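The values are calculated or read from the model by the stated rules, or taken from the named source; none is laboratory data. What you are looking at is a predicted structure, and each value in this text was computed from that prediction instead of being measured. Ideal geometry is used to build each Cβ from the backbone, glycine not excepted, and the neighbour counts take in all protein chains shown.
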């Protein structure tokens, strides 16, 4: 696999949407290519940031307003003279039926719906570094009020299995954030060189999590990271030589 | 692969192929009757893998769809028994068990749900594969479950075990054992060898553990230990409580520490130990008198070969005593 191919596939890879053999190729390339790893990391951070956006409930009056506007347009259309209705039918063959405003709303609906669904599946690799930074509250306002979240129907066992992996990742991430805070508090009292080695050791283990395939390998990498941080949090001198 | 290796592999695959050919097809539960009224289908299958040119040395079982039971026995072949549950025959076809015997004597078994294709979606809770494997005593095993139960027993060459939400139980096992779980509990009885156990939210329980080392770590789970006599014992938790009854070894080390949990340690026998204890909360240790650094030092028995014992909780209570 080339870097160019990976660039085209990285989002689908992180979302767990690639066939297994293609995903394996991506994973293999990411193991050996630091530049693409960095790219994947950036995408994963962006995705995580989107996932962590709070769910925004639409105001109850929104759909009433939209319905009222649509109704008014339909009534106005029905009351137009016959020649204007004929002209409108002819013109509809040249342009989308929806008004630009309605089109924009639809696009927003699709985009936000997809983000929510992906957030619930959470199958991809997540960025680990600087967990504390990600704990910063996400913005609570969005420029366009979204429609209700689309509820997925017909979810399959494979989707649920992916959900399970995602939930496990989420729990490990939360634990890692707590342990990092405890371990860093310990490390603050260490000599600078040892604290630096500790930071490097943590980073190496985080990279191992990112590189691991979902399932057993990923969970083992998480255990390796959290076990290491627990030992540090309990005051053990864990930094490598 | 060499020609000899290829021949060996072919022989192995032939054995598996023959055994697979003998497997029964899907059968209705209770001889065709629906036991719970939902038309569920159950398939039982058995497979025996005989050793090739080399004895079977390692067995790995990865079953994200149900329970795994691995039992050691006095024999040289590996027998696999699977029980598949599905809501209907079409869904049953999606449940696959793959057994791959390698020429080097390793056997790998894994299960999976195939992609649905044009079939209707199925809920994960409605399908299940339980796997029971009998292996020679001396085989090194590794097992993984997700939400199912993982149980291993009667083994002499250790085990490497992983679970997400399912419980792990280990009984009568010698050799190095390592176990990891996210939310599943872990229970170890009669383990004779180094033991490494790590859980995030699961509880850890140890009964009759001996060996060079016991390292047990739980983030939020509780740790209970009885009759622990490993030479080096290190137990840590972040939020979970610890209750340990242990016997120290001459020149050994026992360290129990928690960040926020309560810790209770009792030494059995007639210990020869130098003990240091410290509590962020209440300290209960006869004769303990905390120094300026918060640590109390106690001595028991002759100190020449004394074990080093250290018991602490940063924010929780600590109690330490001798078993009377």
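Odds and ends about this structure:
- Exclusive hit being in contact with a strand residue (DSSP E or B) (Cβ under 8 Å, 6 or more places away or on another chain) and either within 19 Å of residue B:223 (Cβ to Cβ) or buried (at least 19 other Cβ atoms within 10 Å of the Cβ) (or both), set B:260, B:274: B:260
- Any hit, the range B:85-92, residues being touching a strand residue (DSSP E or B) at 6+ places or on another chain (Cβ under 8 Å), surrounded by fewer than 23 Cβ atoms within 10 Å (Cβ to Cβ) and over 29 Å from residue A:168 (Cα atoms): yes
- Residue tally, condition more than 8 Å from chain A (Cβ to nearest Cβ), touching a strand residue (DSSP E or B) at 6+ places or on another chain (Cβ under 8 Å) and either outside any strand (DSSP E or B) or more than 17 Å from residue B:145 (Cα to Cα) (or both), over the range B:108-125: 1
- For the range B:277-294, the set of residues classified as loosely packed, with under 14 Cβ neighbours inside 10 Å, within 14 Å of another protein chain (Cβ to nearest Cβ) and touching a strand residue (DSSP E or B) at 6+ places or on another chain (Cβ under 7 Å) consists of B:294 only.
- Residue match in the range A:146-167 (condition: over 29 Å from residue B:116 (Cα atoms), out of contact with any strand residue (DSSP E or B) (no Cβ under 9 Å at 6 or more places or on another chain) and at pLDDT 90 or above): no
- Pick from the range A:176-194, criterion surrounded by 17 or more Cβ atoms within 10 Å (Cβ to Cβ) and within 14 Å of chain B (Cβ to nearest Cβ), ranking: farthest from the chain's Cα centre (by Cα): A:186
- The set of residues from the range A:195-220 being more than 26 Å from the chain's Cα centre (by Cα) and surrounded by 15 or more Cβ atoms within 10 Å (Cβ to Cβ) comprises A:195, A:197, A:198, A:201.
- Test for residue B:170: is it more than 14 Å from chain A (Cβ to nearest Cβ) and buried (at least 19 other Cβ atoms within 10 Å of the Cβ): yes
Listed here are the residues, each with its yes/no results for (1) outside any strand (DSSP E or B); (2) under 19 Å from residue B:158 (Cα atoms); (3) modelled with pLDDT of 95 or more; (4) touching a helix residue (DSSP H, G or I) at 6+ places or on another chain (Cβ under 6 Å).
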residue: B:55; (1), (2), (3), (4): yes, yes, no, no
residue: B:59; (1), (2), (3), (4): no, yes, yes, no
residue: B:62; (1), (2), (3), (4): no, yes, yes, no
residue: B:69; (1), (2), (3), (4): no, yes, yes, no
residue: B:96; (1), (2), (3), (4): no, no, no, no
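- Unique residue being at pLDDT below 95 and not in a loop (DSSP other than H, G, I, E, B) when the list is B:269, B:299: B:299
- Selection within the range B:204-257 - outside any strand (DSSP E or B), within 11 Å of chain A (Cβ to nearest Cβ) and surrounded by fewer than 24 Cβ atoms within 10 Å (Cβ to Cβ): B:220, B:239
- No other residue among B:142, B:178 is surrounded by 19 or more Cβ atoms within 10 Å (Cβ to Cβ), under 27 Å from residue A:166 (Cβ atoms) and either within 14 Å of another protein chain (Cβ to nearest Cβ) or modelled with pLDDT of 95 or more (or both) apart from B:142.
- Filtered residues of the range A:165-175 (kept if at the interface with chain B (Cβ under 9 Å from one of its Cβ atoms) and buried (at least 20 other Cβ atoms within 10 Å of the Cβ)): A:165, A:168, A:172, A:175
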